[in-house]
Amino acid sequence: MDCKHKKGFTLIELLAVIVILAVIALIATPIIVGVINKAKKNSFMDTAYGVVEAGKLYYAKNFGNDDFAGQTFAFPADSEELRLSGEKPGGGSLEVTSTGKQILAIYDKGKNWCATKEEEDPKISVEKYEEGKCGVENNNYKAPELNGTDPVLGEGMIPVTIAGDGTVKKADTTTKWYDYENKEWANAVLVSSDVRSTYQKGDAIPENKILGYFVWIPRYKYKLFNMNNEGVPEQEIEIVFESKETTKSKGRTNGTYLTHPGFIFGFKELDGFWVGKFETTGSMSASCVNESCTVANLTVKPNSTSVREQSVSSMFYATRSMSTVSSNIYGLKASEVNTHMMKNREWGAAAYLTQSKYGRCTNGVCTEVSINANSSYLTGAGNYKANINQSTTGNITGIYDMSGGAWEFVMGNMKDTSGNFYSSSAGFNGTSEPKNPDSMYYESYTNDSTYTNHQRGLLGDATRETLKVFGSEIGGWYSDYDYFPYGTESWFVRGGFYNDGLNAGMFSFGTNTGDFHNRNSFRVVISK
């Protein structure tokens with residue numbers, strides 16, 4: 001056979017074809033991958049829309065209205081509750097959070113997508129998932145049930161975790177350092193300036209180096225349950241956490257939600273506030289008459305004797321000076337935080353949080369905070385690590401001494417017969433030092449000559465709403481005292497003292513003239 005005239009591909013031609021195919025592949029592959037990725041992204045976007053809508057429907061079905069602002073819905077990836085169309089996200093969980101105008105459909109971690117939707121915007125934007133982010137501006141941990149609000153720390157405050165044995169360590173705020181769903185509340189401490197830089201690095205902080213322990217009360221709204229001044233039994237209080245950017249709830253009938261008034265400070269809305277973990281300890285000058293008074297050693301520590309035998313005015317100005325005196329040992333600055341004596345509604349905010357699923361209630365069954373029956377007025381009953389039943393959470397992360405210990409003065413004042421601020425024997429002296437406190441530092445109540453008129457109580461202060469037998473002398477929840485300020489006894493005291501037995505408790509309240517008394521202490525609050 002003659003092969004001389006048969007034509008074939010030359011090596012050059014073969015190489016040219018290979019190069020052309022490679023160029024085509026180089027051009028086509030990204031396009032194909034892009035099409036595939038776009039399809040996955042669109043599928044996830046469909047899922048994100050479904051999550052948002054399912055979250056709204058779930059909230060409306062379970063809570064009876066469509067006010068879903070400030071809610072978080074967390075479901076496992078295979079949840080039947082969602083009944084989603086589109087691609088089922090893999091791994092992690094699905095959460096829908098509304099913070100003001102923003103709804104976040106947060107993440108499909110397994111496929112690296114993060115969807116974000118504005119409430120009034122029909123579009124959903126999708127971006128690559130990044131740990132700690134997804135519509136969030138920083139990498140700090142944000143517990144989903146808090147709806148995007150972290151504890152707000154002032155300079156000098158160190159966020160901490162507290163182990164069951166009392167070991168205190170600086171918290172890694174990029175991780176899960178608190179968990180209200182599991183009744184683990186956020187804690188922080190104050191230390192003196194000479195050791196602050198050391199312990200801000202993460203080393204364990206010895207108890208003897210700590211000046212104050214504090215617990216975060218996050219902002220929330222609660223479902224109203226006793227608007228009609230009736231006697232109601234002890235019950236779980238339904239709470240939903242929210243950001244101050246969320247439209248406030250203004251419920252006025254049972255079954256509707258009210259943003260707790262304890263998170264209003266003057267004209268300022270708060271995302272929460274820090275409460276002294278224990279009654280106030282240390283020592284102070286009885287001549288504290290203004291915000292520049294010298295606080296020798298005001299502390300908030302466990303296993304210590306609480307400060308007592310002080311007038312309300314001295315207690316108030318001592319707490320104020322913790323941030324207003326520029327040379328204070330705590331590292332707090334008045335330009336950043338406000339230190340003050342606990343107000344009556346702030347006490348109520350802590351009490352309602354305790355009487356919720358985040359505190360002492362589980363599946364609708366609630367237990368009372370146990371009494372600190374230590375006759376020496378030792379905070380935490382002398383051993384807070386062992387006495388966790390005296391904590392608002394039933395574990396070491398909660399607040400102590402709110403039942404028993406010493407009675408605690410709070411800034412709740414009954415007006416005089418002319419409707420004006422009534423110092424009685426508290427030591428306030430009008431416009432001269434010690435001046436009357438600004439109205440943002442106390443709750444004001446109408447005057448009456450009887451201690452049984454509880455209609456004067458305010459929403460959220462844990463007086464009027466939490467009466468079991470209305471109008472009786474001992475009618476508060478859990479048989480707590482329920483004496484309302486009257487006559488010359490113009491000041492509230494809360495919690496009972498060590499010898500009050502069943503009549504002590506978080507819902508216990510009594511009256512006092514505001515002067516020196518061995519049984520009366522107080523509590524520090526830090527807000528920002």
- Task: Calculate, axis by axis, the spread of Cα positions in the stretch 416-471 along the three principal axes, and write the results as whole Å, longest axis first.
- Result: 43, 23, 16
- Query: Between Phe225 and Ser327, what is the FRET efficiency for a Förster distance of 60 Å, r being their Cβ-Cβ separation, to the nearest 0.05?
  - Reply: 0.80
- Item | Rg(Cα) / (2.2 N^0.38 Å) computed for the stretch 320-420, rounded to two decimals | 1.32
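Note the full-extension length gain between Leu11 and Ser335 as 0.36 nm times their separation in residues minus their Cα-Cα distance, in nm to one decimal.
108.6 nm
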- Going toward the positive end of the dipole of the stretch 143-528, with +1 on Lys and Arg Cβ and -1 on Asp and Glu Cβ, which of Gly164, Thr452, Ser304 do you reach last? Gly164
- When Lys528, Lys183 are arranged by how many other beta-carbons sit within 10 Å of their Cβ, fewest first, they go Lys528, Lys183
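Taking all pairs of distinct Cα atoms, average 1/r, flip it, and tell me the Kirkwood hydrodynamic radius of the stretch 422-528 in Å to one decimal place.
Final number for the Kirkwood radius of the stretch 422-528 is 14.8 Å.
Would you please classify the overall shape of the stretch 143-528 from the alpha carbon gyration tensor, given that a ≥ b ≥ c denote the square roots of the eigenvalues, rounded means a/c under 1.5, and beyond that prolate means a/b larger than b/c while oblate covers the rest?
Rounded is the answer for the stretch 143-528, as its axis ratio a/c remains below 1.5.
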- Message: As an exercise, use a Förster radius of 45 Å and the Cβ-Cβ distance of Ser283 and Arg252 to find the FRET efficiency, rounded to the nearest 0.05.
- Response: 0.50
- Magnitude of the charge dipole, the stretch 176-295, Cβ model with Lys/Arg +1 and Asp/Glu -1, debye to 20: 340 debye
- Cβ charges +1 (Lys, Arg) and -1 (Asp, Glu), total dipole of the stretch 246-378, debye: 360 debye
- Note on the structure: Packing-ranked peptide list from 372-382, 489-499, 247-257, highest mean Cβ count within 10 angstrom first, is 489-499, 372-382, 247-257
- In debye, nearest 20: dipole of the stretch 143-528 around its Cα centre with unit charges on the Cβ of K, R (+) and D, E (-)? 500 debye
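No lab work stands behind these numbers, since they all come straight from the coordinates. None of these values were measured; they are calculated from a predicted model. Here Cβ is always computed from backbone atoms with ideal geometry, including for glycine, and neighbour counts include all displayed protein chains.
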